[in-house]
Structures are given as structure tokens and as C-alpha cells.
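**Student:** Okay, here's the structure, questions in a sec.
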Amino acid sequence: METTKSILSGINNPQDLKKVELDQLDQLAVEIREHIIDVISSNPGHLASSLGVVELSIALHYVFNTPYDKLIWDVGHQAYPHKILTGRRDEFKTNRKLNGLSGFPRLAESEYDAFGVGHASTSVSAALGMAVAAKIKGEVDRHHVAVIGDGAMTGGMAIEGLNNAGVSNANLLLILNDNGISIDKGGGALHQYLTNISTSKTYNKIKARLWRMLGSKNKYTTKAQLLFQSLESAIKTSILRRSNLFESLNFRYFGPDDGHNVQRLIRILNDLKDIPGPKILHIITKKGKGLNTAENDPVTYHAPGNFDKNTGKLIPKLDNALTPLKYQDVFGETLVELARKNPKVVGITPAMPTGSSMIKLIETFPERAFDVGIAEQHAVTFSAGLAAAGMKPFCAIYSTFMQRAYDQLIHDVALQKLPVVFCLDRAGLVGEDGPTHHGAFDLAYLRAIPNMVVASPLNEHDLRDLMITAEQYNDGPFAIRYPRGKGVMLDWHNQAKILQIGKGTRLTFGEDLAVLTIGPIGNTVLK
């Protein structure tokens, strides 16, 4: 039996991709997904997001002249197909390993990575900067494409970028990869707005009829296609409450369209190349596409760890049953305990309810727990407002993301001595996610802020005691930093204890050497 020749094995760069026949691209998408699943099943990384953008990645590199044309991915963990198509197919097995590929686009890694991306909502601003620079330099033929997905449009910085780009006349294409989810299930008014656009039965019914008349078989001229786009725009304006968020910001809006129809995406992108100014293509994709378990549970399969590449089933870790809980679980359970006793306790997280274990409070007291989307600045000032109104907010933010809200921390919280408790998850080094996600700076930048208590637990006992202490503290903000993963104690649920702020604890006795330490590193010192 003759074996079908692999298409992917012959693609070492986008120039090779452009030689592939259009009717072979669906098979190429299958092969890319198989390659990602094969590697990530035994070398854990982000999975579901990249599986959802395979066809889009093919179409973008098929149509645009990368790396001359600039392609910026936001958020960066959806860029695995992009890396595979740009000369890193064989290196992909080193993803997130020492001296291997980064889990995110990285300027120093490849000329095809136009911008380093680890945090969300940065693509519009970065792409606009590049587009304006190209305009100043007279590079009128250079295209700039930002792919924003996984809830990154909920970030305030993305809206700021849209606002600026709308009056720039820059040659900028924004692709909204709308999969209805970020790391956890999507929420907020913008999410609902996009859902309304995507599911408007009247609009989509009329659009489908127009497309069948004017372009379903690509048998009409470009002018006919543009006529369709004009009619489509008029329909959207009429049906969708005579308003469109993106068009009100001076973006030409196209979509929503099927993000898994690679040939149609190629036709659309070729048409959009000829339209000047800022424009947005809204595509609908399925996070986890091609792996049933990931499609059905995209939250778990966002970064699932080891799994069986044939069945998709997770491979359980061989942990002894008598192992410590994660710091995150101790945080989540203690927060619920505090909320039961104090009706003023509320929880806030910027799109990390599962990872931070805020999900425990969301499930127990949904009216007192808030996932505000990828919006750290808003999360901090929202917490300040809650505190100013007499509530006791616990704001759970990953240490590296707290950097994004430094001004709000100083101006809106610390200067007003508002009693917000900041629970800084993933403090310290976090391993495979690399420098964009290391919580390496919080001790330094928090110590510079007045009216602020900075604490770090030695173990899970201390974490619980610090949270109980912080709940009683009302003289200003209180930050607790703790690492990712398991602690050291089997029995963490100690009797509640209020700690004396600023007082150290002697852990061991000696005469020749004094070692001062703070936080979990003390466990290493003790050894």
C-alpha cells in the first residue's frame, strides 16, 4: 500500500508553503495538528489555543510576504503553527526547554517573530507602531497583521490601541480570533457583544444569501466581491442596532467568518490586502480544534500536561496520595473559609480563576467573586473601589501580571491606604514559561511603595495565617507573594493565627553563621 507523502515535511519556510496547491492545504492543516499533538503530548505546553489557529496560520503565511510583512501574535501561546511553518518544525520538540524554543514569539529566535509576546493585549499597539514606522520610511507595500485571540481583546491596552489606530490611516489588519474563551470561559460585555454578532440569525441568513449570489464559487470579479462587502456592511449597520463597535472606531469591519476554512480565508485575506487603512477581520474558531477532548474541555486542555496523543486522555501524575496541596489550592480554600465568616470578603481575578483557584470562591459565592477579564489595571482599581466602599477585597494576580498595574497599585490603593489584599501567585521563577512569566521583580517593586505590607509564607501554614492576618488588617494594602505548585506541609489546615507584622521568626539556632530569609526559599535554607 502506497504511503501518502507528507506535505509538512517539505515546508521549511513560507516560500515552500506558497508552492503547495490550494486543495492540499486541508491535509497540511491535519499534519500540523498531528505534529503539535505528538510533541505536546509528551513535552507539556500550551495546546488548545494553537490547535484553533492552524488554518489561519497557513492562510496568513500563504498570502502575506513574511517576514517583510509583519505578523504579530497576541496572545503568544497561539503561535505554535506559526513557528512550525517558519523553519522551526524539527526544533519544535525543544519547545519550552533549556536552550530550546520559547513558548512564545521571541524577537531573538526568528526573523519571522516580529515582536516578543508573553502578556496579552499588546498586539494592536505594537503593530500600529510598526505600521506608522513603515509609513514614515516610505514602505507603502509593507503589511502589518495583528492576530488577537484568547480573550486578549478584553484588555484595556487593546482598546487603547484600537482607539489610536482608528485615526492613524495606517496599513493595519487586525484579525480577531474569536473562540469564545480565554484561559477560562469568557465573560464581560465585549464577549457578549461578539457573541451577538456571531449568532445574529437574521444577519447571517442574509449574508449567506448574498455570498451565494456574489461569491460562493469565486466566479465574479473583485468589484463584485467588494460590492458584497459594501452590502454586507450596510446590513450590519442596519441589523446590529445601527452600530458596530469596531466601525465606530474607524476600522473597516469584515466578518464574522469561518476560521477553519483555509481556502476561504486565503481569498478574504487577498481581498483585504488591497483595502487601505485600519481594518478588522472577525473569524470564529474552535479552541482545541482537531482533538475531541480539547474541543470538549478547552479549559483543561489550554495547557494540559502529559496526555495520550491517540485518545487525548490525560496521563495522571504518579504522585503519592500523601503529598502537600498546591499553594493555589490553600489560597482558594482559605478564601472561601474567610468569606463564610465575613460577608464583606470578595474576590477579584483578571482572567485566572482556575489557575489561581479563585474558582473555589466563584463556585461557592458567585455574587462575591469577579473575573474581570484580561484587565489587570481595572482589577486593581476595581478592588480599590470595593475597599473604599467598605468591602474586603482579595485580588489574586500572577506576580508577572501585577507589573501591568503598578500605577494603579500606587495611586489608587497605596496612597489612599485602602485595605486591598493582593495575593501574588507564581512569585519567583516559574520554569518553562520563561522570562515573560517569571515573578522575579515583585519584592523589589513592592518595597518601594509606601503604606504597604509585603509578606511571603514559608509554607502553607504561613499562607493561611497571612491571609487570616490580612483579612483583619485595615491600615493599607497587604501583599502576599507565593510560588507556583506544591508546598511542603501535609497538614496545612492549622488553627487560625494572627501574625505580628514585621516580626521575624527564628527557625533554627547556631553560633557561626546567621542566615536571613523570607518566603519558601527558607525551606531550602533549612535543608
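The values are calculated or read from the model by the stated rules, or taken from the named source; none is laboratory data. The model shown is predicted, which means the values in this text are computed figures rather than measured ones. Backbone-built Cβ (ideal geometry, glycine too); neighbour counts: all protein chains shown. Please note that ligands, DNA and RNA were not included when accessible areas were found on the heavy atoms of the full protein model with its side chains. Shrake-Rupley method; radii C 1.70, N 1.55, O 1.52, S 1.80 Å.
**Student:** Applying the Karplus parametrisation 6.51 cos²θ - 1.76 cosθ + 1.60 with θ = phi - 60° to the phi angles of region 367-379, what ³J(HN,Hα) value in whole Hz is obtained for each residue in order, glycine and proline being reported as x?
**Tutor:** Taking θ as phi minus 60°, the curve returns 6, 10, 9, 9, 9, 9, x, 6, 8, 5, 4, 4, 4 Hz for region 367-379.
**Student:** For Y398, what residues show an amide H to amide H distance below 5 Å, using hydrogens built from the backbone and excluding near sequence neighbours?
**Tutor:** Answer set, sorted by chain and number: D425.
**Student:** Apply the Karplus parameterisation 6.51 cos²θ - 1.76 cosθ + 1.60, with θ equal to phi minus 60°, to every residue of region 383-394 and state each ³J(HN,Hα) to the nearest whole Hz, in sequence, with x for glycine and proline.
**Tutor:** Whole-Hz 3J(HN,Hα) from phi for region 383-394: 5, 4, x, 4, 5, 5, 9, x, 8, 10, x, 10.
**Student:** Using just the helices of the chain, give the 222 nm mean residue ellipticity in deg cm²/dmol: DSSP H runs with n ≥ 4 each add -39,500 (n - 2.57), and the total is spread over all residues, rounded to 500. Display every interim value, and only then the final one.
**Tutor:** On the way: 21 runs with 195 residues, N = 527.
Rounded to the nearest 500, it is -10500 deg cm²/dmol.
**Student:** Counting heavy atoms of the protein chains only and a 1.4 Å probe, report the per residue accessible area for region 274-431 as a whole number of Å². Write down the numbers at each step before the final one.
**Tutor:** Details: 6620 Å² over 158 residues.
Accessible area per residue: 42 Å².
**Student:** Taking amide hydrogens as modeled 1.01 Å from N in the peptide plane, which residues meet the under 5 Å criterion relative to F422, leaving out close sequence neighbours?
**Tutor:** Correct list: C395, F478, A479, I480.
**Student:** Still on this model: Once you have the alpha carbon radius of gyration of the chain, what is it after dividing by 2.2 N^0.38 Å, with N set to its residue count? Before the final figure, lay out each step's value.
**Tutor:** Working: Rg = 25.0 Å, N = 527, 2.2 N^0.38 = 23.8 Å.
This ratio for the chain stands at 1.05.
**Student:** A further question follows. Express the relative contact order of the chain as a whole percentage, based on alpha carbon pairs under 8 Å and six or more residues apart in sequence. Before the final figure, lay out the partial values.
**Tutor:** Working: 949 pairs, mean separation 69.0, N = 527.
Reported as a whole number, the value is 13 percent.
**Student:** Roughly how much of F254 is accessible, in Å² to the nearest 10, using a 1.4 Å probe?
**Tutor:** Approximately 10 Å² for this residue.
**Student:** Could you tell me how many degrees, from 0 to 90 and to the nearest 10, lie between the Cα long axis of helix 222-239 and the main elongation axis, the longest principal axis, of the Cα atoms of the chain?
**Tutor:** The helix 222-239 is inclined about 50 degrees to the chain.
**Student:** Using a cut-off of under 19 Å, list every residue of region 91-135 whose amide N is near the label point 7 Å from the Cα of T524 along the Cα-to-beta-carbon line.
**Tutor:** 98-99
**Student:** Quickly rank 408-417, 277-286, 68-77 as a protection proxy: mean count of other C-beta atoms within 10 Å, highest first.
**Tutor:** Details: 408-417: 18.7, 277-286: 21.3, 68-77: 25.1.
Ranked from most to least packed, the peptides come out as 68-77, 277-286, 408-417.
**Student:** A follow-up question, please. Would you mind checking which residues have amide H under 5 Å from L172's amide H? H placed 1.01 Å from N; only 5 or more apart, or other chain.
**Tutor:** G277, K279
**Student:** Oh, and also: With the dipole of region 441-527 worked out from charges on the C-beta (+1 for Lys and Arg, -1 for Asp and Glu) around the Cα centre, which of V515, H461, V525 lies farthest toward the positive end?
**Tutor:** Farthest along the dipole direction, towards plus: V525.
**Student:** Treating the angle as unsigned and between 0 and 90°, give the value, to the nearest 10°, between the Cα long axis of helix 189-199 and the longest Cα principal axis of the chain.
**Tutor:** Between the helix axis and the principal axis of the chain, the angle is about 30 degrees.
**Student:** Of K18/K273; K19/K286; K97/K360; K70/K97, which ones are farther than 22 Å apart at the Cα?
**Tutor:** Values: K18/K273 17 Å; K19/K286 27 Å; K97/K360 32 Å; K70/K97 27 Å.
Flagged as over cut-off: K19/K286; K97/K360; K70/K97.
**Student:** In nanometres, what is the gap between the two model label sites at D512 and N306, each 7 Å from Cα along Cα-to-Cβ?
**Tutor:** For the pair D512/N306, the computed spacing is 4.2 nm.
**Student:** Label E247 and E111 with points 7 Å out from Cα along Cα→Cβ: what is the distance between them in nm?
**Tutor:** 4.0 nm
**Student:** Helix 156-165: angle to the longest alpha-carbon principal axis of the chain, degrees 0 to 90, nearest 10?
**Tutor:** 30 degrees
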